[in-house]
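K.L.:
Have a look at this one.
We did not get these values from a lab; they are worked out from the coordinates using the rules stated. Everything quoted here is computed from the prediction, not taken from an experiment. Cβ coordinates were reconstructed from backbone atoms using ideal geometry, including for glycine residues, and neighbour counts include every protein chain displayed.
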Amino acid sequence: MALGPIFGVLFDGFAYGMLLFLLSVGLSVTLGMMNFINLAHCAFAMLGGYVTVTLTNRFGWPFLATLPLAFCIAALVSVVFERLLYRRLYRAGELDQVLLTIGLAFMSVAVAAYVFGTVQQPVETPSFLRGSFSLLGVSVGAYRLFLIAMGLAIMLLLTLMVEYTRFGAQLRAAVDNQRMARGLGINVEGAFIIAFALGSGLAGLGGALAIEIVGLDHSFALAYLIYVLIVVSVGGLGSIGGSFVAASFLGISDMLGKYYLPELGAFLIYLVMIAILIWRPAGLLGRR
Amino acid sequence: MHKMLALLGSMALAAMTAAAASAQGTVKVGVIMPYSGQFADLSAQMDNGIKLYMKQNGDTVAGKKIEIIRRDTGGVAPDVATRLAQELVTRDNVDILAGFTLSPNAIAVSKISAEAKKFMVIMNAATTVIITMSPYSVRTSMTLPSVGASAGMWAYKSGLRKAYTMVSDFAPGKDAEAAFQDAFKKAGGEIVGAVRMPVANPDFSAFVQRAKDLSPESIFIFVPGGAQPAALGKAFAERGIDPNKIKIIGTGEISDESAVKNMGDAALGIITAWHYDHTHDSKPNKDFVAAYNAEFKRNPDFGAVGGYDGMHVIYESLKKTGGKADADSLVAAAKGLKWESPRGPFQVDPETRDVVQTIYVRQVRKVGDQLLNVEFDKMENVRDPGSAGKK
Amino acid sequence: MAFTRTAAADPHRHLHAQAQWQPIELVFWAATLIPFFLFPKYLALASQIAIAALFALSLDLILGYAGIVSLGHAALFGVGAYTAGLLSTLGWGDPLLGLAAGAVAAGLLGYVTSFIIARFRHLALIMITLGLGQLIHEVANKASWLTGGSDGLQGVRIGPLLGRFPFDLYGYTAYAYSLVVLFVVFVFARRLVNSPFGLALRGIRENPVRMPAIGAPSPAHVRKIYTIAAAIAGMAGALLAQTTSTVSLGVLDFQRSADVLVMLILGGAGWLYGGIVGAIIFMVARDQFSGINPQLWYFWIGLLLVCVVMFLPNGVLGCLQLAAPWRSKAS
């Protein structure tokens, strides 16, 4: 068997992993930082998706121009919810957080069905992102290459921000030891709002980018929740790098498994997750 | 406890006879579908078909007012469907049970239909056996085996000799796979490989690559409607499968309007066997599509025509019985009904109560600047290959 | 889990006080008979509420009393349902036999998996239960020769209850049967949580590290309660299979695991009654909302959950407790 097909599959798996990374990194950070379980995370991703669909289809915006807006609107809306609702539950039990956020996810599903209907939303991507070309004998999808570039760029930006900015230092401190960070005078809540907005914005961006690969309809907010939770738990709470590694690993292993052992197709992602969690209950790069 | 239960049982019996007597003047139709959740869009289209038919034909037939009561199962939930059907029968005193997007739910309600003696109109669910599970049911959609077998026969007829099959790993997928393989092999073709893919599968490229490695002459595919057809179509394009060299054959979900829109040019060349498309060229269909667009601002699909024809069966049967809504009269009236539906000639098989219709072979082609399913071949009077033999 | 009820200095007196039946409890159980007389047309719904309540009670035993958050509880429910269903296809359609078999099968699965469950906590535990649940769902889908796959199990024939009462269209038998099973299991669970074993479980929930240190074998306790809860979940599954004569992959769905968790939190975890109250509120609300608007009822259910969290933290019962002095006196 030539190597070409395998590289193609690996490449596609990595691109899929980047999508998972964008969708889940925000949840990992907020969960790690405030112990806040936000099951409505994918609702913000869905919002980003609908922003892009509305702008391209109804107002004729080019696809790429809608992406920053998908990010910003998801981030802004999430801050509104954070201030109105989430904030009150930081000290409440995790079960109350589950109930609140699953309630919001339910509402988002119904609102999306009401506003946009139940139909699959098509998205118009620019022609240079469509189709495929041959790269060193491997057939490469243009859009997947774009996804990988986006994933890597955002990973780089986040790493730079977390490692080299003042905000990043505060964020790391708050994730490591929230009480100590407060004691040192760090505005943990303030840092959290920014991290929350950033995370939801990235989810929004992920939602917009996901349409081309997995489609978009009103059930998105619940349908991808499981995948996002898997990435977060396998990667480790509060770890950006962990989410990146976990998402790439899951994307690639899923593809390889389906290529070589299609009979195991649906089992694979769960088997991998359980194996990793038994080996490292705190996730690949988690500290707790 | 025993005595109490016996007492309650007799109360139930009394209530039941009272219920049967109460429904005069109106005929109540209980519609059970997953209005919410993953299958909501298909149900919405079916519901639109029902609404349009009632708008065009009035809500009174044979002196009876038709009243629709809608109930949501939320997805694959035969336990919920059973309860909803029980409640519709006992609480709302419906005369007819209708809807049924999903086979497991339809199978469960068939038992209620048989037990409570209620006429049942299956407007979508496509598993062959459903129709045998209640003597009072009629189907107005299609069965996957009939479509899959048509695709297999056509594939051989068109000169293809080798095929690979890719289907979703659940009952409808296996039905479609078996029907295609049987028909194709019986005609003399060879199946060079097969793969079953997880039902919830967001990304198909690994499976497409597997198929491509064998470079078969043709690939038969079945995946459920929704997000997956577009994802699969794009994966074919990305993995460099050229529909002009490797024929891609599927059932109608693959080239559904929204799927084709999502795929863009990647959809070009896909061949499907199916019973309905909004581009079908006939007077009844043109009128239907125009009215549908005026009402709902979108094109009808197979779900819509299933709901529309289902209402036609209910209306015509009631006309024949003069408004009598008991299951025996209605099912007797429905057997053998024949008319020109938007999808083409339609008949309720007098033996099996299943649908007899034309299956069209279509290809996605560019018409103007639109990608459409263009019919280029058809098979008339197609019955389900399983139930056609049986009586 | 934010809920603090300090045991009195003398644990035996505390247990004794807890084990006393409160008058309001008797009123509650008497009220469960009301549907027979006032709402005879809602008995099918009432029986499904009783089944959901039993399922939520099972989750309460592990979540409310041992702190195990599970997102895969439907696996146990489903195994019970398939066991009862399969037995009936083989000709053993007696409901009580199926109920017992469902409990045994789910209990066995629970016992086997409890060795994994007892080792983990927090997110890892939640995700492992979720993963196990999804795996079992997929196994049932693959094994269609046994389970009927996604079309559901065919040929489920349930015999009359006690050989005398067939399951009727109105749901009289179904509700009476589900209610009696719920009550019997509830009495058992009530004794269980008010025993020294129940107290040890609560200790594990509050501080899993300290319990072994004071000589209580924490993992063994967790395995035991998980197995018991699994058997109860299996009974709930068997009941649903029998009262509806259907078994499909839906009994193993992630959604079922999520719904039961929502019901329990809604009612209040750690109360035994929490799951029952939550099941009543959730199922009735869902029935009413989806009756009014079959497409968009999710919005109203979501709003209900949000409002409960905002105005009644710790679930409906958790708040009643704060308001009612008699309850806190009892503890």
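K.L.:
Which cross-chain or sequence-distant (5 or more) residues have an amide H under 5 Å from the amide H of B:Y164, H modelled 1.01 Å from N in plane?
P.N.:
B:V192, B:S218, B:I219, B:F220
K.L.:
Follow-up question, since we're still on this one. So if R0 is 25 Å, what FRET efficiency would B:E115 and B:K320 give, r being the distance between their Cβ atoms, rounded to the nearest 0.05? The partial results should precede the final answer.
P.N.:
Details: r = 25 Å, r/R0 = 0.99.
After rounding to 0.05, the efficiency reads 0.50.
K.L.:
Related question: Across region B:27-105, how large is the tail of the calculated P(r) beyond 21 Å, expressed as a percent of all Cα pairs?
P.N.:
Numbers: 858 of 3081 pairs.
That fraction is 28 percent.
K.L.:
May I ask you to list the trypsin sites (Lys or Arg not before Pro) in region B:171-268 that are in a DSSP loop and have at most 15 other Cβ atoms within 10 Å of their Cβ? Mind dumping the intermediate values first?
P.N.:
Numbers: sites: B:K174, B:K185, B:K186, B:R196, B:R210, B:K212, B:K234, B:R239, B:K245, B:K247, B:K261; in loops: B:R239, B:K245.
Here the sparse-neighbourhood loop sites are B:K245.
K.L.:
Roughly how many nanometres apart are two label points built 7 Å out from the Cα toward the Cβ at A:L76 and A:L184?
P.N.:
Simple spin-label model gives 3.4 nm for this pair.
K.L.:
Return the Cα extents of region B:98-228 along principal axes one, two and three, sorted largest first, each rounded to a whole Å.
P.N.:
Here the spans come out as 54, 34, 16 Å, largest first.
K.L.:
Using a 7 Å offset from the Cα along the Cα-to-Cβ direction at both A:S134 and C:L108, what is the distance between the two label points in nm, to one decimal?
P.N.:
Placing both labels 7 Å along Cα→Cβ, they lie 5.7 nm apart.
K.L.:
Treating the angle as unsigned and between 0 and 90°, give the value, to the nearest 10°, between the Cα long axis of helix A:142-164 and the longest Cα principal axis of chain A.
P.N.:
The angle comes out at about 30 degrees.
K.L.:
Okay, moving on. Please label the shape of chain B as rounded, prolate or oblate, based on the square roots a ≥ b ≥ c of the eigenvalues of the alpha-carbon gyration tensor (a/c under 1.5 means rounded; beyond that, a/b larger than b/c means prolate, else oblate).
P.N.:
Numbers: a/c = 2.06, a/b = 1.75, b/c = 1.17.
It comes out prolate by the Cα gyration axes.
K.L.:
Calculate the tail of P(r) for chain A: the fraction of all Cα-Cα distances greater than 24 Å, expressed in %.
P.N.:
Distances greater than 24 Å cover 51 percent of the Cα pairs.
K.L.:
If you don't mind, another one. If contacts are Cα pairs under 8 angstrom and at least 6 residues apart, what is the relative contact order of chain B in percent?
P.N.:
Values: 808 pairs, mean separation 65.4, N = 391.
Relative contact order, chain B: 17 percent.
K.L.:
Go through region B:125-135 residue by residue and turn each phi into a ³J(HN,Hα) via Karplus (6.51, -1.76, 1.60, θ = phi - 60°); whole Hz please, and just put x for glycine and proline.
P.N.:
Per-residue couplings from phi come out as 2, 10, 6, 3, 5, 3, 5, 7, 8, 9, x Hz.
K.L.:
Can you give the helix-only mean residue ellipticity at 222 nm for chain B, where every DSSP H stretch with n ≥ 4 adds -39500 (n - 2.57) and the sum goes over all residues, rounded to the nearest 500 deg cm²/dmol? Display every interim value, and only then the final one.
P.N.:
Details: 13 runs with 171 residues, N = 391.
The helix contribution divided over chain B gives -14000 deg cm²/dmol.
K.L.:
Measuring from the lowest to the highest alpha carbon on each principal axis, how far does chain C reach, largest first, in angstroms?
P.N.:
Per principal axis, max minus min of the Cα coordinates gives 57, 44, 41 Å.
K.L.:
Round to the nearest 10 and give me the degree value, 0 to 90, for the angle of helix A:225-235's Cα axis relative to the longest principal axis of chain A.
P.N.:
The answer is roughly 80 degrees.
K.L.:
So how tilted is helix C:297-311 from the main axis of chain C? Cα-based, degrees 0 to 90, rounded to 10.
P.N.:
Here the helix axis deviates by roughly 10 degrees.
K.L.:
Residues of region C:79-107 with amide nitrogen under 13 Å from the 7 Å Cα-to-Cβ point of C:L162?
P.N.:
C:96
K.L.:
Mind pulling the per residue volume of the convex hull built on the Cα atoms of region A:1-130? Å³ is fine. Kindly include the intermediate steps, with their values, before the conclusion.
P.N.:
Working: hull volume 19.7 nm³, N = 130.
Given the Cα convex hull of region A:1-130, per-residue volume reads 151 Å³.
K.L.:
Then there is this: Return the subset of B:K111/B:K324; B:K117/C:K142; B:K297/B:K378; B:K51/B:K118; A:K258/B:K157 for which the Cα-Cα distance in this structure is over 24 Å, preserving the input order.
P.N.:
Numbers: B:K111/B:K324 22 Å; B:K117/C:K142 35 Å; B:K297/B:K378 29 Å; B:K51/B:K118 22 Å; A:K258/B:K157 33 Å.
Beyond 24 Å between Cα atoms: B:K117/C:K142; B:K297/B:K378; A:K258/B:K157.
K.L.:
How large is ³J(HN,Hα), in whole Hz, for each residue of region C:194-207 in order, when computed from phi with the Karplus curve 6.51 cos²θ - 1.76 cosθ + 1.60 and θ = phi - 60°, using x for Gly and Pro?
P.N.:
For region C:194-207, the Karplus curve yields 9, 9, x, 4, x, 5, 4, 4, 4, x, 5, 4, 6, 7 Hz.
K.L.:
Sticking with this structure for a sec: Kyte-Doolittle mean at least 0.0 and Cα extent at least 18 Å along the axis: which DSSP H helices of chain B qualify? Numbers along the way, then the final one.
P.N.:
Details: long enough: B:2-22 (30 Å, 1.21); B:40-57 (25 Å, -0.66); B:103-116 (19 Å, 0.39); B:144-157 (19 Å, 0.37); B:171-187 (24 Å, -0.66); B:283-296 (19 Å, -0.68); B:302-321 (28 Å, -0.03).
Sorted by number, the helices that extend far enough and score high enough are B:2-22, B:103-116, B:144-157.
K.L.:
What is the projected area of the convex hull of the Cα atoms of region B:185-274, averaged over all directions, in nm²? Mind dumping the intermediate values first?
P.N.:
On the way: hull surface 22.9 nm².
In nm², the orientation-averaged hull projection of region B:185-274 is 5.7.
K.L.:
In debye, nearest 20: dipole of region C:116-223 around its Cα centre with unit charges on the Cβ of K, R (+) and D, E (-)?
P.N.:
Values: 11 positive and 4 negative charges, 100 e Å.
Magnitude of the dipole: close to 480 debye.
K.L.:
Can you list residues whose amide H is under 5 Å from B:V27's amide H, if they're 5+ apart or on another chain and H is modeled 1.01 Å from N?
P.N.:
B:K65, B:I66, B:E67
K.L.:
State, as an integer percentage, the relative contact order of chain C based on alpha-carbon contacts under 8 Å between residues 6 or more apart.
P.N.:
Relative contact order, chain C: 31 percent.
K.L.:
If you build a Gaussian network model of chain A, linking Cα atoms that sit under 10 Å apart, which residue out of A:G103, A:G137, A:G206 swings the most?
P.N.:
A:G137
K.L.:
Suppose a student asked you for the relative contact order of region A:3-221, using Cα pairs under 8 Å spaced at least 6 residues apart; what percent would you report?
P.N.:
Details: 312 pairs, mean separation 99.3, N = 219.
After rounding, I find 45 percent.
K.L.:
Here is a further query. Using modelled amide H (1.01 Å from N, peptide plane; none on Pro or chain starts), what sits under 5 Å from the amide H of B:A98, excluding residues fewer than 5 places away?
P.N.:
B:G30, B:V31, B:I32, B:V121
K.L.:
Moving to a separate point now. Could you identify which residue out of A:F128, A:F36, A:F106 has the top mean-square fluctuation in a GNM of chain A using Cα springs shorter than 10 Å?
P.N.:
A:F128
K.L.:
Please work out the FRET efficiency for the pair A:L64 and C:A19, using the Cβ-Cβ distance as r and a Förster radius of 51 Å; give the result to the nearest 0.05.
P.N.:
Numbers: r = 67 Å, r/R0 = 1.32.
Calculated value: 0.15.
K.L.:
Can you work out the Karplus-derived ³J(HN,Hα) for every residue in region A:25-33? Use 6.51 cos²θ - 1.76 cosθ + 1.60 with θ = phi - 60°, whole Hz, and x for glycine or proline.
P.N.:
With coefficients 6.51, -1.76 and 1.60, one gets 4, x, 5, 4, 5, 5, 5, x, 7 Hz.
K.L.:
Here's another thing I want to ask about it. Using the Cα gyration tensor of region B:128-190, with a ≥ b ≥ c the square roots of its eigenvalues, what is the shape: rounded (a/c below 1.5), prolate (a/b larger than b/c) or oblate (neither)?
P.N.:
Numbers: a/c = 3.09, a/b = 2.02, b/c = 1.53.
Taking the square roots of the gyration eigenvalues as a ≥ b ≥ c, region B:128-190 is prolate.
K.L.:
Then there's this: Taking 0.36 nm per residue of separation and subtracting the Cα-Cα distance, what length does fully extending C:E206 through C:C319 add?
P.N.:
38.7 nm
K.L.:
Compute the normalised compactness of region C:222-331: alpha-carbon radius of gyration over 2.2 N^0.38 Å, N being the residue count.
P.N.:
Working: Rg = 16.0 Å, N = 110, 2.2 N^0.38 = 13.1 Å.
Dividing the Cα radius of gyration by 2.2 N^0.38 Å gives 1.22.
K.L.:
Could I ask something else about it? Under a Cβ-only charge scheme (Lys and Arg +1, Asp and Glu -1), can you give me the dipole magnitude of the protein assembly as shown about the Cα centre, in debye to the nearest 20? List each step's numbers first, then the result.
P.N.:
Numbers: 80 positive and 65 negative charges, 338 e Å.
Charge dipole, the protein assembly as shown, about its Cα centre: 1620 debye, nearest 20.
K.L.:
What is the gain in length, in nm to one decimal, between C:T89 and C:Q288 on full extension, counting 0.36 nm per residue of separation less the C-alpha to C-alpha distance? Walk me through the numbers on the way to the answer.
P.N.:
Working: separation 199, 0.36 × 199 = 71.64 nm, distance 3.43 nm.
Length gained between C:T89 and C:Q288: 68.2 nm.
K.L.:
Per the helix-only calculation at 222 nm, which mean residue ellipticity applies to chain A, given -39500 (n - 2.57) for every DSSP H run of n ≥ 4 and division by its residues, nearest 500 deg cm²/dmol?
P.N.:
Using -39500 (n - 2.57) per qualifying helix, the result is -25000 deg cm²/dmol.
K.L.:
For B:A332, project a label point 7 Å along Cα to C-beta. Then give me every residue of region B:296-324 with its amide nitrogen under 14 Å of that point.
P.N.:
The answer is B:318, B:320-324.
K.L.:
Take the alpha-carbon positions of the protein assembly as shown, form their convex hull, and give its projected area averaged over all directions (one quarter of the hull surface) in nm². Provide the component values of the computation, followed by the final result.
P.N.:
Working: hull surface 158.3 nm².
Dividing the Cα hull surface by four gives the mean projection, 39.6 nm².
K.L.:
Take chain A, connect every pair of alpha-carbon atoms lying under 10 Å apart with a spring to form a Gaussian network, then pick out the residue of A:A92, A:A74, A:A208 with the largest mean-square fluctuation.
P.N.:
Residue with maximal mean-square fluctuation among A:A92, A:A74, A:A208: A:A92.
K.L.:
Further question on the same structure: At R0 = 25 Å, how high is the FRET efficiency between C:F197 and C:R121 if r is their beta carbon distance? Nearest 0.05 is fine.
P.N.:
Values: r = 20 Å, r/R0 = 0.80.
Working from the Cβ atoms, E equals 0.80.
K.L.:
What do you get for Rg/Rh over region C:142-195 if you use C-alpha atoms and the Kirkwood form of Rh?
P.N.:
Working: Rg = 16.6 Å, Rh = 14.1 Å.
So for region C:142-195, dividing Rg by the Kirkwood Rh gives 1.18.
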